[in-house]
Amino acid sequence: MAETVPSLLAQGAAATRAAAHLPPAAHLPPAAHLPSVAHLPPAAHLPLAAHLPLAAHLPPAAQSADATQSATRPAAEGFDVVVVGAGPAGSAAALTLARAGVRVCLVERGPFPGAKNMYGGVLYGRVLDGLLPGWWQEAPVQRWVTRRATMVVTPTQSLTVDFRTTAWGEPPYNGATVYRSDLDAWLAAKAEAAGAVLLCSTTVTGLTRGPTGQVTGVRTDRPDGDLPARVVVACDGVNSLLAKEAGLYRHPEPEHFTLGVKEVLALPRQDIEARFGLAGREGTDIEILGCTGDVPGGGFLYTNLDTIAVGVVLQLPGLASSGRRPEELIAGLKAHPAVAPLVVGGQLKEYSAHLIPEGGWDMLPDLAADGLLVAGDAAALCLATGIWLEGVNYAIASGAAAGEAAAAALASGDTSAAGLAGYRHRLESSFVLADFKRLRRAPGLVLSERVQRRYPQIACNLVERLFTVDNPNPKPRLLAAGRAELRRSAVRARDLARDAWTALRAFG
Amino acid sequence: MSGPRVGVAMKWVPLRVEVDPLTGAVAADPRSSGASGADLAALEWGLRLAEAWGGEVLVASAGPTEADGLLREALAAGAARAVRCELPAGAPGVLPAGAPSELVAAALAAAFAGVAVVVCGDWSLDRGSGSVPAFLAARLGAAQALGLVALWPEAPGVVRAERRLDLGRREVLRVRAPAVLSVEGATAHLRRASLPAMLRARDAAVEHLPAPVPDPVAAGIPEPPGPIRRGPYRPRPRVLPGPDPGASARERILALTGAETGRTPPQTVRLDPGPAADRVLAQLRTWGYLE
Ligand SMILES: Cc1cc2nc3c(=O)[nH]c(=O)nc-3n(C[C@H](O)[C@H](O)[C@H](O)COP(=O)(O)OP(=O)(O)OC[C@H]3O[C@@H](n4cnc5c(N)ncnc54)[C@H](O)[C@@H]3O)c2cc1C
């Protein structure tokens, strides 16, 4: 430094942020008398352009988003496959591809995998046995689900089928509660460790296509952001921009979607264990029917180590026509006499909402196009049937299948829709499409008015009648009581029989 | 690149923390940690200065290994070199109070030796005092201009800078290298790194600088008188006019709450831009701001 610093900007700690204590510039000696830090006229006297940020003064080239990039440099280095979305489906796809020696880039819009996902859910881990043997030793699990309950409720009653087994609390475990930000980050790290390139904070904005319309890569929101690839695997979740852009959805009807709304409530670990009758890492998962008033849907409640997640899923047209607000419905569920004692005192940590593709088989899009595969929620592979709400396991399975199919297509040199058809065959020969096919009538049945409201009322009334001791009247007979309840509910025997048949075909 | 080198100091901080309402314990998730808005603005200003002067940017962070991710993002945005400076063993981490500013500045000064102008964020998110840039300037023997809201490069090594003063006044300074500048977070948005740069930066080398020999006292900075008091964090004091301490408790409460005092109720007015501007000026005049 050639010149000394003037007193206004004295050196050292004492001058830190001294500006606020200094006299205004107008009171200082003229600029000409100052050494290295000269005072110019106050900003208010400068011409307008002088107030603009620096970029405005620079020539256009210097304003380009990345001055170190030359316009002539080829876009990104080549990848064989680009996987879009580092959710469970995307990470499973990238992991499978990387293991097959394919150059794969996993692109995620969030700053890290899971950043865009909601706090937690239940993971049914059997699907991981093949992909990551011994996964339970290192997966970021909160609790092992050892208690699985299905509860039907009316505004004043509840009836629960409550099952628990110690077997699910031991390896190989059945289900686990996990925080999605942990699970997604863990799975993506596995893909990275296998050789996939993870690119975060980057949103894919569309597909690029070749002369014949085949997909040749993706476009991102970054400067010079085209990422060419021979196959794109779209795992970008329920709103899949890419599947829609590729025209794979023929029936995107709103009744195929529900809105999942969830609160995560913090509670001391010992309170959770006392309330739910748990010890150690045991956990509970409760699915609830009849708790959403006049909006078709359902509810859920499950335990993490020191939080519980409680939420509702609401069918979109029903929600829209009801005029109700989702938070009102969660509040109603939390206030229900069967639920309130479980959640009382919980401190709200997170409130979030996300769409769920619940249409099942009838909603499935085409799963492949030339150069493109679609997996997980992006392919509507989420199963919601009242007693099951599972999406993560189908996402992992379909992602892995997409990865295998893409690797096989690359090896054979045919990445057209025909070359990628192995994907659908893989899903058909696995539990994924088998479940969806068998349970194709379940979503319609579960969201029907009778299942949503009348049957819970009938079941609760029947049980109340059976367990009410009103001596000196004799004990009620089960069949007679059932008939009386049916009569009272005005459900026609024909409808009951039809629903029973549908249920038998779906679940039987 | 023949122009002067520009340094940018960036701190790896938790961007979101959870505070236990009972114990006050603070927990941070390293995944949602990174650079504060002020440090991102500093990088953007650093890049603009380097572009204007034909120089290059050296970005440095004194922090844990996780800070390498942050430095790689800076490389992707256009920095030419990245250095992570080790803090002396045993120096406190990012939370709860961060390492002492003298230590951080000493570590950063080693990285910035020979750099013409260093740009920093005005203060870090994790209870920063804003003093690191000042300590750094002292270490480097450089001029300092802190809390800036805009910069304009002039001849290589010379910056015109605007700083906010009290009562809405602004001060425009001309700062010559070597200098340390600190900028407010809202003054610039970091440019978006290109996709190829992002991919390249994944494998880019981040240089590591070992911790400097423990010498917590910067040259030229007097030893603080007496022992340093250690205690819980207290936000910086602001001068607020309080009620007359001689008044009764009731009178002081009335004075504090403003109950029983006449006030101008808030009004909503809908006016065209011209009359609206006149109205705003008239009100400012009423309040005595335009005297
Ligand atoms: C309230 C609620 C509760 C649920 N509970 C359960 C449960 O208990 N058990 C269960 O198995 N399932 C549950 N599900 C369903 C489950 O969350 C989904 O089925 C599953 O997450 C689907 O995984 P995915 O990888 O296909 O998509 P997602 O998990 O949605 O991941 C998509 C990823 O793609 C990224 N992305 C999206 N668009 C772009 C883009 N343009 N560019 C770059 N990245 C992009 C997103 O940031 C995200 O990381 C629940 C869903 C909800 C809403």
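The values are calculated or read from the model by the stated rules, or taken from the named source; none is laboratory data. In this text the structure is predicted, and so the values were computed from the model without any measurement. Here the Cβ positions follow ideal geometry from the backbone for every residue, glycine too, while neighbour counts run over all protein chains shown. All accessible areas refer to the heavy atoms of the entire protein, side chains included, with ligands and DNA or RNA removed. Shrake-Rupley method; radii C 1.70, N 1.55, O 1.52, S 1.80 Å.
Ignoring everything except DSSP H segments at least 4 long, calculate the 222 nm mean residue ellipticity for the protein assembly as shown; use -39,500 (n - 2.57) per segment, divide by total residues, nearest 500.
Result for the protein assembly as shown: -8500 deg cm²/dmol, rounded to the nearest 500.
So which residues in segment A:201-243 end up with at least 50 square angstrom less accessible surface once the other protein chains are there, compared with the chain by itself, probe 1.4 angstrom?
Listed in order, they are A:222.
Can you give me the solvent accessible area of residue A:158 with a 1.4 Å probe, rounded to the nearest 10 Å²?
60
Find how much the distance from residue B:268 to residue B:113 grows on full extension, using 0.36 nm per residue of separation minus their present alpha carbon separation; answer in nm with one decimal.
50.2 nm
How many Å² of accessible area per residue for chain B, probe 1.4 Å?
Details: 15190 Å² over 291 residues.
That works out to 52 Å² per residue.
Using the basic label-point model (7 angstrom from Cα toward the beta carbon), what is the residue B:20 to residue A:166 distance in nanometres?
The modelled label-to-label distance comes out at 3.2 nm.
So how much accessible area does residue B:166 have, in Å² to the nearest 10, using a 1.4 Å probe?
Counting only protein heavy atoms, the figure is 80 Å².
Quick one: net charge of residue A:256's neighbours, Cβ under 10 Å, K/R +1, D/E -1? Don't skip to the end; give the middle numbers.
Numbers: positive: none; negative: A:253, A:255, A:358, A:362.
Its environment carries a net charge of -4.
Using a simple spin-label model with points 7 Å from Cα along the Cα→Cβ vector, what separation in nm is obtained for residue B:65 and residue A:335?
5.2
Assuming 0.36 nm per residue, please report the length gained on full extension of the stretch residue B:127 to residue B:284 beyond their Cα-Cα distance.
Working it through step by step, the gained length comes to 53.1 nm.
Are there residues in segment B:190-213 whose accessible area shrinks by at least 30 Å² when all protein chains are included rather than the chain by itself, and which are they (probe 1.4 Å, ligands and nucleic acids not counted)?
Listed in order, they are B:191, B:192, B:194, B:195, B:196, B:198, B:199, B:200, B:202.
Put a dot 7 Å past each Cα toward the Cβ at residue A:226 and residue A:250; how far apart are the dots in nm?
Spacing of the two 7 Å Cα→Cβ label points: 3.2 nm.
Quick one: work out the % antiparallel among DSSP beta bridges in the protein assembly as shown, nearest 5.
60
Per 10 Å bin from zero, what fraction in whole % of the C-alpha pairs of segment A:290-424 is there, up to the bin with the longest pair?
Result, from short to long distances: 11, 31, 27, 17, 11, 3, 0 percent.
Say we join alpha carbon atoms closer than 10 Å with springs in a Gaussian network model of chain B; which of B:143, B:82, B:60 then has the biggest fluctuation?
Comparing B:143, B:82, B:60 in a Gaussian network model of chain B, the most mobile one is B:143.
List the lysines whose Cα sits under 27 Å from the Cα of residue A:116, skipping any in the same chain fewer than 8 residues away.
A:190, A:244, A:262, A:334, A:349, B:11
Please work out how much accessible surface residue B:253 shows to a 1.4 Å probe, ignoring ligands, DNA and RNA, in Å² rounded to 10.
Accessible area, nearest 10 Å²: 100 Å².
Interface A/B, total buried accessible area with a 1.4 Å probe, nearest 100 Å²?
Result for this pair: about 4900 Å² buried.
Express as a percent, rounded to the nearest 5, the fraction of DSSP beta bridges in chain B (both residues included) that run antiparallel.
40
Roughly speaking, to the nearest percent, how much of the protein assembly as shown's 1.4 Å accessible area is carbon and sulfur?
Carbon and sulfur together cover 57 percent of it.
Plugging the Kirkwood radius over Cα pairs into Stokes-Einstein for the protein assembly as shown, at a temperature of 4 °C and a viscosity of 1.567 mPa s, what D comes out in µm²/s?
Values: Rh = 30.7 Å.
The diffusion coefficient I find is 42 µm²/s.
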